[in-house]
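Report on one structure; see the data block that follows.
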Amino acid sequence: MNQPTNRILNLLAAGFLCLALGFWFNLFGRPAVPAEVPLVDLAFIATNTARLSAADLIRTGGDTSGLECYACHDKKQPLKLKFDAESNIVLPKEHEDIVMGHGGHKRNNNCFNCHDETNLELLQARDGRQIKLVDSTQLCGSCHGPTYRDWEAGVHGRTSGYWKRELGPIDRKGCTSCHNPHAPAFPGRAPAPAPHALHPAIAQPEKESAHAH
Ligand code: HEC
Ligand code: HEC
Ligand code: HEC
Ligand code: HEC
């Protein structure tokens, strides 16, 4: 190698060494540590639905004892609904977890609008069709036609899984994964927080300097 090349390489090496020492001894100062961005409450990114339907409960191996009607009821004894003086349904303590409130003015509070009187473990649509508890979406659809059509089209409710059906199935959540059949009005929920700016100073430039020249 010739003389000038050597000299330049030595100079460069010395220069980088000085820089390294400068950084090592913190001669140029360090950028301020940005304030730690708090994590978003994990509840906002959870993918579970608002409630577990009977079908969800069975699939996930939950406690299904409440679905076995004939553990308590007698199949041979026809069941009579009990009403108070204001024609509210009176429920026994075995069913005190049920709060009926389907539609305004108690419009759809009668148990046998949905449950089959002749077989409690089945549902019954308005057209007389008997439907399994786990297929309750068909029952809801028999009264809520327009919403059911929206649901079928993927406009109402939630669809996940595969677009390309050859690769795998779609997963369309049933009505009772979100709505309680006995009191279906959807409770309000807290809005998710606004996004955090990664670089607050850059994200909000001062009006003056941004428009200079
Ligand atoms: C833990 C026991 C138990 C289970 C399980 C149970 N029931 Fe009942 N149910 C009762 C009792 C007790 C009554 C009140 C006595 C009666 O009328 O026979 C009652 C009453 C009812 C009534 C009448 C409501 C009224 O006006 O009093 C309906 C409808 C009913 N049950 C439906 C069901 C259905 C549908 C299932 C299954 C999905 C079920 N029950 C499961 C204990 C139970
Ligand atoms: C026998 C007919 C019938 C069936 C079956 C039925 N609904 Fe309803 N639903 C009604 C009526 C009637 C209303 C009240 C509409 C109104 O007041 O304008 C209502 C209202 C609602 C509302 C609005 C909230 C409210 O309480 O007013 C939701 C949500 C709902 N139903 C969901 C469901 C779901 C989910 C199912 C299936 C588990 C279902 N419905 C089954 C008749 C039915
Ligand atoms: C709008 C239709 C509808 C009406 C009205 C209705 N049910 Fe139900 N009920 C259902 C559906 C659908 C399920 C299945 C639940 C699921 O998928 O979560 C169910 C589940 C149940 C269960 C078992 C699970 C639980 O929530 O404990 C009982 C018990 C029950 N109903 C009793 C009653 C009684 C008693 C009445 C009258 C006071 C009544 N239901 C009125 C639709 C209805
Ligand atoms: C993934 C959750 C989810 C599923 C699944 C779902 N819904 Fe809803 N539904 C909602 C939410 C959220 C609202 C809006 C509540 C509000 O705006 O207050 C709603 C509103 C409604 C309403 C009343 C308001 C309206 O104008 O439409 C009805 C009726 C209803 N749903 C019926 C159904 C039926 C029937 C099914 C099944 C075929 C179903 N939903 C499935 C979440 C769901």
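The values are calculated or read from the model by the stated rules, or taken from the named source; none is laboratory data. Keep in mind that this is a model prediction, so the values were computed, not measured. Ideal geometry is used to build each Cβ from the backbone, glycine not excepted, and the neighbour counts take in all protein chains shown. Only protein heavy atoms, including side chains, enter the accessible area calculation; ligands, DNA and RNA are left aside. Shrake-Rupley method; radii C 1.70, N 1.55, O 1.52, S 1.80 Å.
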Work out from phi, with θ = phi - 60° and the Karplus expression 6.51 cos²θ - 1.76 cosθ + 1.60, the ³J(HN,Hα) of each residue of the range 10-15, listed in order in whole Hz, and give x for Gly and Pro. 4, 4, 4, 4, 4, x
Using the Cα gyration tensor of the range 59-145, with a ≥ b ≥ c the square roots of its eigenvalues, what is the shape: rounded (a/c below 1.5), prolate (a/b larger than b/c) or oblate (neither)? rounded
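Can you give the longest stretch of the chain with no exposed loop site, where a site means GluC sites (Glu not before Pro) in a DSSP loop (not H, G, I, E or B) with at most 15 other C-beta atoms within 10 Å?
Value returned for the longest uninterrupted segment is 118-165.
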I'd like the FRET efficiency for Asp150 and Glu36, computed as 1/(1 + (r/R0)^6) with the beta carbon distance as r and R0 of 30 Å, rounded to 0.05. 0.10
Counting other Cβ atoms within 10 Å of each Cβ, which trypsin sites (Lys or Arg not before Pro) in the range 25-85 have at most 16 and sit in a DSSP loop? Arg51, Lys75, Lys76, Lys80, Lys82
For the pairs Lys76/Lys173; Lys80/Lys132; Lys80/Lys106; Lys75/Lys132, note any where the Cα-Cα span goes beyond 27 Å. Lys76/Lys173
When the chain is modelled as a GNM with alpha-carbon springs shorter than 10 Å, which of Leu120, Leu21, Leu167 fluctuates the most? Leu21
Pick out, in residue order, every one of the chymotrypsin sites (Phe, Trp or Tyr not before Pro) in the range 12-97 that is DSSP loop and has at most 11 other C-beta atoms within 10 Å; say none if there are none. Phe25, Phe28
Run the quick spin-label model on Val99 and Glu117: label points 7 Å from Cα toward the beta carbon, then report their separation in nm to one decimal. 2.9
Only Lys, Arg (+1) and Asp, Glu (-1) charged, at Cβ; the chain dipole about Cα centre in debye: 500
Taking a probe of 1.4 Å and leaving out DNA, RNA and ligands, the chain shows per residue an accessible area in Å² of 82
Give me the percent of the accessible area of the chain that comes from carbon and sulfur atoms, probe 1.4 Å, all protein chains in place. 60
The range 51-177, relative contact order [Cα under 8 Å, separation at least 6], %: 21
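Which FRET efficiency value, to the nearest 0.05, is calculated for Ala190 and Arg158 with the Förster distance at 25 angstrom and r the Cβ-Cβ distance? All intermediate terms of the calculation are to be shown ahead of the outcome.
Details: r = 19 Å, r/R0 = 0.75.
Taking R0 as 25 Å, the efficiency between Ala190 and Arg158 is 0.85.
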Tell me the label-point distance for the pair Asn26, Leu167, using the 7 Å Cα-to-Cβ offset, in nm and rounded to one decimal. 5.0
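Give the calculated FRET efficiency between Ala183 and Gln130 to the nearest 0.05, with a Förster radius of 22 Å applied to their Cβ-Cβ distance. All intermediate terms of the calculation are to be shown ahead of the outcome.
On the way: r = 24 Å, r/R0 = 1.10.
The pair Ala183/Gln130 has a calculated efficiency of 0.35.
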Going by amide H atoms built from the backbone, whose H comes under 5 Å of the H on Leu122, apart from near neighbours? Asp116
With θ set to phi - 60° and the Karplus curve 6.51 cos²θ - 1.76 cosθ + 1.60, what are the ³J(HN,Hα) couplings of the range 21-26 in order, to the nearest whole Hz, using x for Gly and Pro? 5, x, 5, 4, 8, 6
Under 1.5 on a/c is rounded, so check that first for the range 22-113, then, if it is not, pick prolate when a/b is larger than b/c and oblate when it is not; a ≥ b ≥ c are the square roots of the alpha carbon gyration tensor eigenvalues. prolate
Sequence-distant or interchain residues sharing an amide H contact under 5 Å with Asn108, placed H: which? His102
Calculate the length of the line joining the C-alpha centroid of the range 25-42 to that of the range 55-90, in whole Å. 58
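Among rounded, prolate and oblate, which fits the range 137-195 when a ≥ b ≥ c are the square roots of the eigenvalues of its C-alpha gyration tensor, a/c under 1.5 means rounded, and a/b larger than b/c means prolate? Show your work: numbers first, answer last.
Values: a/c = 2.25, a/b = 1.09, b/c = 2.07.
Judged from the Cα gyration tensor, the range 137-195 comes out oblate (a/c at least 1.5, b/c at or above a/b).
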Considering the zone a paramagnetic label at Leu198 would reach in this model (a point 7 Å from Cα along the Cα-to-Cβ line), which residues of the range 14-50 have amide N under 20 Å from it? 31-41
